[in-house]
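J.: I'd like to ask some things about the structure below.
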Amino acid sequence: MFRYFVLYKPFGILSQFSGEAHTLKVVGDFPKDVYPVGRLDKDSEGLLLLTNDKVLNHYLLNPQFGHQRTYLAQVEGVPDAEALRALERGVPIKVDGKMYHTKPATARLKKNAPLLPERDPPIRYRKTVPDSWVELSLIEGKNRQVRKMTAAVDHPTLRLVRWSMEGLDIGGFKVGEVREMEQDEIYRLLKVGLSKLKAKAHMGKGDGKRPPFPKRRKGR
């Protein structure tokens, strides 16, 4: 049976179950065959999807099947119009020791701070340097990409929250909250039809092996 859990990952928690003390084990008692889809860095917060649906996992992690992820970044200073345009056009960042130009994105300066739970611990404020919030939507997920992008336009990230993946978001979640969802709802919010998922997942496998295809579960 395929299961789907949506988590508001707290700051300071690793997106894994093994290793150090501060892992997902302290957040909830998940089934043994459930794993996070992708990862959020230890110093990042927000939406993390955990599932044992291998086809969906493959679809969401394969770069050729780009899907939109939206982040809320509290940055040092106030980006001007040119900085926001640069983020949207793409900026050079280093990935695995090589320079990489990020794909086109959408970026906008938020007039007011988003309604988010307080971070524990809070960020360090500097009285002489203002800060602001930027909403950044990407269709790719390189290692620490958002932090590298804002640094590339001279506005280092102070706090980073992944808000959504397509239509799946953490609106109304508390830090550390976990909600289990049904397959139909997850697929609808991620804008993935079952037939589309099957075709893309099979097309993306280059080794001739096909991932197990999930059976549709009946709704409650």
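J.: If I ask for residues that are over 20 Å from S164 (Cα atoms), among the aliphatic types (A, V, I, L, M), outside any loop (DSSP other than H, G, I, E, B) and touching a His at 6+ places or on another chain (Cβ under 9 Å), which ones from the range 72-91 would you list?
T.: Within the range 72-91, just A83 meets the criteria.
J.: Answer yes or no as to whether T51 is of a type outside the set (A, V, I, L, M, F, W, C) and within 26 Å of P130 (Cα to Cα).
T.: Answer is no for this residue.
J.: Are any residues in the range 14-26 out of contact with any strand residue (DSSP E or B) (no Cβ under 9 Å at 6 or more places or on another chain), surrounded by 14 or more Cβ atoms within 10 Å (Cβ to Cβ) and either closer than 22 Å to Q183 by Cβ or β-branched (V, I, T) (or both), and if so, which ones?
T.: Selection gives T23 alone.
A quick yes/no check of all residues on (1) at pLDDT 95 or above; (2) farther than 21 Å from L189 by Cβ; (3) out of contact with any Asp or Glu (no Cβ under 7 Å at 6 or more places or on another chain):
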{"residue": "Q16", "(1), (2), (3)": "no, yes, yes"}
{"residue": "H22", "(1), (2), (3)": "no, yes, yes"}
{"residue": "E45", "(1), (2), (3)": "yes, no, yes"}
{"residue": "L48", "(1), (2), (3)": "yes, no, yes"}
{"residue": "K54", "(1), (2), (3)": "no, no, yes"}
{"residue": "F65", "(1), (2), (3)": "no, no, yes"}
{"residue": "R69", "(1), (2), (3)": "yes, no, yes"}
{"residue": "L72", "(1), (2), (3)": "yes, no, no"}
{"residue": "E76", "(1), (2), (3)": "yes, yes, no"}
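J.: Could I ask something else about it? Exposed (fewer than 15 other Cβ atoms within 10 Å of the Cβ), free of Cβ contacts under 8 Å to residues at least 40 places away in the same chain and more than 23 Å from G172 (Cα to Cα): does that describe G97?
T.: Criteria met by G97.
J.: Need the failing condition index for R85 against (1) closer than 30 Å to K32 by Cβ; (2) free of Cβ contacts under 8 Å to residues at least 40 places away in the same chain, just the number.
T.: (1)
J.: So in the range 50-71, with the set limited to residues that are closer than 20 Å to I170 by Cα and assigned to a loop (DSSP other than H, G, I, E, B), which one is least open to solvent (accessible area, probe 1.4 Å)?
T.: Ranking the candidates gives H67 first.
J.: Collect the residues in the range 30-49 that are in a strand (DSSP E or B) and more than 30 Å from K111 (Cβ to Cβ), keeping them in residue-number order.
T.: Y35, P36
The values are calculated or read from the model by the stated rules, or taken from the named source; none is laboratory data. Just so we're clear, the structure is a prediction, and the values are computed from it rather than from any experiment. Cβ atoms come from the backbone with ideal geometry, glycine included; neighbour counts cover every protein chain shown. What goes into the accessible areas is simple: the full protein's heavy atoms, side chains included, and nothing from ligands, DNA or RNA. Shrake-Rupley method; radii C 1.70, N 1.55, O 1.52, S 1.80 Å.
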